[in-house]
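The values are calculated or read from the model by the stated rules, or taken from the named source; none is laboratory data. As the structure is a prediction and not an experimental result, all values here were calculated from the model. Heads up, the Cβs are rebuilt from the backbone with ideal geometry, glycines too, and the neighbour counts pull from every protein chain shown.
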Amino acid sequence: MTSEESLFPRKTNSMNRRFFSKFLALGTGSVGLMPSDSDSTEKTATGGEDNPDSTVNNSLKFNPLFGQVPACVADFQILAKTALPRATYEYITSGSTDEVTLHENLAAFRRIRILPPLLAGVDRVDTSTSILGQSISMPILIAPVAGQSLFHADGVLGSARAAAAAHTILGVSSSAGNSVEEIAAASSGPKWFQLYVPKDRGVTRQLVERVHASGYKAIIVTVDLGERKDADLRNRFALPPSVLRKHLIDIGFPITKDMSYSDLLAFNEKAWDLALDWKFFDWLRSVTNLPILLKGVLRPADAQQAIALGLDGIIVSNHGGRRLDGVPSSIEQLPKIADVMDGKAELLLDSGVRRGTDVLKAIALGAKAVLIGRPSAWALAAEGELGVSKVLSFFREELILAMQTSGCPSLAAIKKPLLMM
Ligand SMILES: Cc1cc2nc3c(=O)[nH]c(=O)nc-3n(C[C@H](O)[C@H](O)[C@H](O)COP(=O)(O)O)c2cc1C
């Protein structure tokens, strides 16, 4: 429903104007994307993290044509760029407007130094943990990501199988590309459903009931707003009819066969509640006893409010720099939020996690676990389910090395004094 959604370019000026306005109107939500059919047109998209100012990507010399194998997240980014139409790659990779927050997410992690004690005598380390009572093998989860069927034929079903094989949790976007039941059938691994909220609370309620019945372990409510991605506007992404139709049906909206594409677009624009307030959580609590996590928290006061309402978890996140540009990095806000949380709810972080050392830093600053967005999306685009498995392995191996080197046999041993800030 939003530009977290897909888009395909239209050729007439009137259609272009229409899609452009549509994007201005969209604020939050769902749906998948369709690659541009006009890659030859001149575009000046910054292209997200791989622009010349980027602080990421230390492996630009990596070239899949030379038969090398990916060794890190940055390699998967390059492979995804090779594999995908430009518009789809930029949909995944870019951030809102000037991408200040996108770049700050990465820079802020890099500014933090690790100062490990020597001769700590640590050989084996245990990366396992438990979140909301769910045991997982490592503190690295897959973030909810829309439009996965456009990245690779494996889609979110491949991500679900890879997460289950790695014994970690999959965040399932409201707009992942498959129904909650299809994703549940793909693997028995633990899943959290990320809810964008239909205005019709009857539809919302039925969706939440289906999520529960399908065995999902928690609901993530994403509340950050303000998306405006220049690259997507230039590329004129729009929801392809079949993707839009399936998405709306998967949510449970009353979509009929006789609805034209423009009917579907008009329906989609009005279907979602973009003006939630805190009262929504009283309503959500009244219809489900699943744990609820709030995603998009950057202010300590909002974390306190979530705790006061009895929510079960906070995800410190700026949506990977895809919402309002200019907000601070998640990792900068994490210690301030950890201070007010006082262990009263689960504390997680996403936005800018690219290395095992980033995971170590987030845990040292108070997070129980992190979620990865673009890393798993690039890996899925490059190699499908196998790619997602590989990227999870890279994170696990890098975290193990960081823990061994820092003298931390367990996650509980990772403490703030390890860091120089
Ligand atoms: C292509 C893409 C689609 C996304 N779709 C959603 C979504 O549907 N719902 C949501 O809550 N977050 C969505 N996100 C945000 C991620 O859940 C996560 O917050 C973000 O990617 C973390 O930053 P990172 O990409 O730097 O790891 C999306 C991110 C990407 C890259």
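Details
- Taken over the stretch 326-360, the criterion of being of a type in the set (D, E, K, R) and out of contact with any Phe, Trp or Tyr (no Cβ under 6 Å at 6 or more places or on another chain) is satisfied by Glu332, Lys336, Asp339, Asp342, Lys344, Glu346, Asp350, Arg354, Arg355.
- Scanning the stretch 299-345 for residues that are farther than 14 Å from Asp224 by Cα, touching a residue at least 40 places away in the same chain (Cβ under 8 Å), within 16 Å of the ligand (Cβ to nearest atom) and outside any helix (DSSP H, G or I) gives a single hit, Gly313.
- Filter result for the condition that a residue is crowded, with 21+ Cβ neighbours inside 10 Å and in a helix (DSSP H, G or I), over Leu349, Leu399: Leu399
- Condition check for Thr204: over 30 Å from Asp98 (Cβ atoms) and surrounded by 16 or more Cβ atoms within 10 Å (Cβ to Cβ): yes
- Inside the stretch 263-290, residues that are more than 16 Å from the ligand (Cβ to nearest atom) and either more than 22 Å from Val180 (Cβ to Cβ) or in a loop (DSSP other than H, G, I, E, B) (or both) make up a count of 13.
- If the condition is being farther than 27 Å from Ser149 by Cβ and either in a helix (DSSP H, G or I) or at pLDDT below 95 (or both), then the stretch 360-396 contributes Leu360, Lys361, Ala362, Ile363, Ala364.
- Any hit, the stretch 134-148, residues being within 12 Å of the ligand (Cβ to nearest atom), in a helix (DSSP H, G or I) and either at pLDDT 95 or above or over 16 Å from His319 (Cα atoms) (or both): yes
- Whenever a residue of the stretch 156-172 is farther than 16 Å from Arg396 by Cβ, its partners that are of a type in the set (S, T, N, Q) and assigned to a loop (DSSP other than H, G, I, E, B), lying with C-beta atoms within less than 7 angstrom and at least six residues away or across chains, give the pairs Val156/Asn178; Leu157/Asn178; Ala160/Ser187; Arg161/Ser187.
- Filtered residues of the stretch 291-318 (kept if of a type in the set (S, T, N, Q) and more than 14 Å from Ile331 (Cα to Cα)): Gln304, Gln305
- Flag for Val391 being more than 18 Å from Asp126 (Cα to Cα), under 15 Å from the mean Cα position of the chain (by Cα) and either surrounded by 19 or more Cβ atoms within 10 Å (Cβ to Cβ) or more than 13 Å from the ligand (Cβ to nearest atom) (or both): yes
- Spans of helices (runs of 4 or more DSSP H) in the stretch 160-262 with at least 2 residues within 13 Å of the ligand (Cβ to nearest atom) and under 22 Å from the mean Cα position of the chain (by Cα): 230-235, 241-251
- Test for Asn105: is it of a type outside the set (A, V, I, L, M, F, W, C), over 27 Å from Glu269 (Cα atoms) and within 16 Å of the ligand (Cβ to nearest atom): yes
- Candidates Leu399, Leu348, Leu360, filtered to the one that is touching a residue at least 24 places away in the same chain (Cβ under 8 Å) and either out of contact with any helix residue (DSSP H, G or I) (no Cβ under 6 Å at 6 or more places or on another chain) or within 23 Å of Ile292 (Cα to Cα) (or both): Leu348
- Which numbered condition Arg323 fails, given (1) within 18 Å of the chain's Cα centre (by Cα); (2) of a type in the set (Lys, Arg); (3) surrounded by fewer than 24 Cβ atoms within 10 Å (Cβ to Cβ): (3)
- If only residues of the stretch 360-375 that are surrounded by 24 or more Cβ atoms within 10 Å (Cβ to Cβ) and within 8 Å of the ligand (Cβ to nearest atom) are counted, the one that is farthest from Cys72 (Cα to Cα) is Leu371.
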